[in-house]
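Here's the structure we're looking at; comments come further down.
The values are calculated or read from the model by the stated rules, or taken from the named source; none is laboratory data. These numbers were taken from a predicted model, which means no experiment stands behind them. All Cβ positions, glycine included, derive from the backbone under ideal geometry; neighbour counts span all protein chains shown.
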């Protein structure tokens, strides 16, 4: 029995003042930090990857989407596996899996191999991401849990902020393969710390089967629709195959809905959508994160293709967005708790849209100070105003026992939105083939894509104004008894930072065992 396990059994949980508590934090910060890094670091390397492997724009789209697809489809299942078989065991398995997939990415001889390896990386991420917060919830004493989550969130924010900067530096100095190979020593450190210092925990009350059928149909549906959207923008796939992929994908998504409605143990409880606020918040999430996914895919390509920035300079250009979120997310959440989420969720996306309109000035010979910095700063301010209130609304509109599932659904919706945006936008703006290497052609497509994303944000803003209630953070749960008084919900885990890749995850309200 390790010192950490003894401390947990003797005192009911670790504290921040104990070495064991600090070791647990180190493991989960490094583990989740790898997934945060891969959510931001790879986009910066895309132009170099494309040139080195002779990839088309569709290949670059799949380099991003293969990871997002498997992560979005399996993240709910990953949390359930940890509850059943042991959170540390699944967390360590995810770290090893993620490292092996990263090695395959770094050694990939062609774009097809890279895409396959990125798919495997997403599976590892689906095991790591929910496990990080779950280990904090199960390992720390109640009085120190909020502080531990705050430290984890803040350091995760730093990892996200460093992602584009680190990616650009690695691409320029060591080569794009090191964007993936850097994960190997990180994963080795995570495994060594977790095996020695992190106590095992599981939910002893977990019963029933896993929703493998739902997970498979969800993944197949997203994959089919994504393939159809990307193939429609290229010239190498027949119309019949493209249409068939889209039809099969849509059919699988319809089957997913039916399975979840009938399953005794669904990974997406249909009862969640009995709350109009939950449904509305997820529709807003889809619009906002579709725009976000499209912007981050196009912006780094535009900065390197037409504006002539180096990989390092384009990565540094994105730094203000994460820094602003790191500084303001907590304040935004507190403001929403006081005045309600309706106004922040309306104003935030609208401010983001203004930032995107400013991005249309980015082109050949663009100045960072005059053209890029104002645009990304305004965009970051809008995002900081949006994410924490949005997450709080999702949690407030779900029953306590479904808090973890509600947060997981919201996270998956955001990732699916980004996935579909990256697939659809090049088709909508007429980009394909090697257009990402032609400055004038890509610049025109970029500005059109940014306008579409701005429209999505305006739509999200209007949806929030007309559907989100100002008292949503004090809404009675959908399954509460008629006479129950509405109860204020705890703030989401954005005490220091909300990541830009997706809304933060929140474990279930039930105390871990």
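Within region 88-101, is there a residue that is farther than 18 Å from residue 193 by Cβ and outside the structural domain of residue 286 (by TED's automatic domain parsing)?
Taking every residue of region 88-101 in turn, at least one turns out to be farther than 18 Å from residue 193 by Cβ and outside the structural domain of residue 286 (by TED's automatic domain parsing).
Can you spot a residue in region 289-310 that is surrounded by fewer than 21 Cβ atoms within 10 Å (Cβ to Cβ), assigned by TED's automatic domain parsing to the domain that holds residue 384, part of a helix (DSSP H, G or I) and touching a residue at least 40 places away in the same chain (Cβ under 8 Å)?
Checked against the condition, which is being surrounded by fewer than 21 Cβ atoms within 10 Å (Cβ to Cβ), assigned by TED's automatic domain parsing to the domain that holds residue 384, part of a helix (DSSP H, G or I) and touching a residue at least 40 places away in the same chain (Cβ under 8 Å), region 289-310 yields no hits at all.
Looking for something outside any helix (DSSP H, G or I) and either farther than 27 Å from residue 57 by Cα or at pLDDT below 85 (or both) - is there at least one such residue anywhere in region 408-423?
No, region 408-423 contains no residue that is outside any helix (DSSP H, G or I) and either farther than 27 Å from residue 57 by Cα or at pLDDT below 85 (or both).
From 228, 240, 219, 250, grab the single residue that is surrounded by 14 or more Cβ atoms within 10 Å (Cβ to Cβ) and at pLDDT below 90.
Among 228, 240, 219, 250, only 219 is surrounded by 14 or more Cβ atoms within 10 Å (Cβ to Cβ) and at pLDDT below 90.
Just checking, does region 379-392 include any residue being farther than 24 Å from residue 326 by Cα and not assigned by TED's automatic domain parsing to the domain that holds residue 60?
Looking for residues that are farther than 24 Å from residue 326 by Cα and not assigned by TED's automatic domain parsing to the domain that holds residue 60, one finds none in region 379-392, hence no.
Hey, any hits in region 313-323 for a residue that's in contact with a helix residue (DSSP H, G or I) (Cβ under 6 Å, 6 or more places away or on another chain), under 29 Å from residue 463 (Cα atoms) and not in a helix (DSSP H, G or I)?
Scanning region 313-323 turns up at least one residue that is in contact with a helix residue (DSSP H, G or I) (Cβ under 6 Å, 6 or more places away or on another chain), under 29 Å from residue 463 (Cα atoms) and not in a helix (DSSP H, G or I).
Quick one: in region 100-113, of everything that is surrounded by 23 or more Cβ atoms within 10 Å (Cβ to Cβ) and in contact (Cβ under 8 Å) with a residue 60 or more places away in the chain, which residue is farthest from the chain's Cα centre (by Cα)?
105
Could you look through region 453-490, keep only residues that are in a helix (DSSP H, G or I) and surrounded by fewer than 19 Cβ atoms within 10 Å (Cβ to Cβ), and pick out the one that is modelled with the lowest pLDDT?
For region 453-490, the residue satisfying everything is 474.
Scan region 22-42 and tell me whether some residue there is without any contact (Cβ under 8 Å) to a residue 40 or more places away in the chain and either under 27 Å from residue 155 (Cβ atoms) or in the same structural domain as residue 180 (by TED's automatic domain parsing) (or both).
Yes, there is a match, as at least one residue in region 22-42 is without any contact (Cβ under 8 Å) to a residue 40 or more places away in the chain and either under 27 Å from residue 155 (Cβ atoms) or in the same structural domain as residue 180 (by TED's automatic domain parsing) (or both).
Would you point out which residue out of 54, 79 is over 16 Å from residue 300 (Cβ atoms) and either crowded, with 24+ Cβ neighbours inside 10 Å or in the same structural domain as residue 309 (by TED's automatic domain parsing) (or both)?
From the options 54, 79, the qualifying one is 79.
Of the residues 326, 358, 319, which single one is modelled with pLDDT of 95 or more and surrounded by fewer than 23 Cβ atoms within 10 Å (Cβ to Cβ)?
The conditions single out 358.
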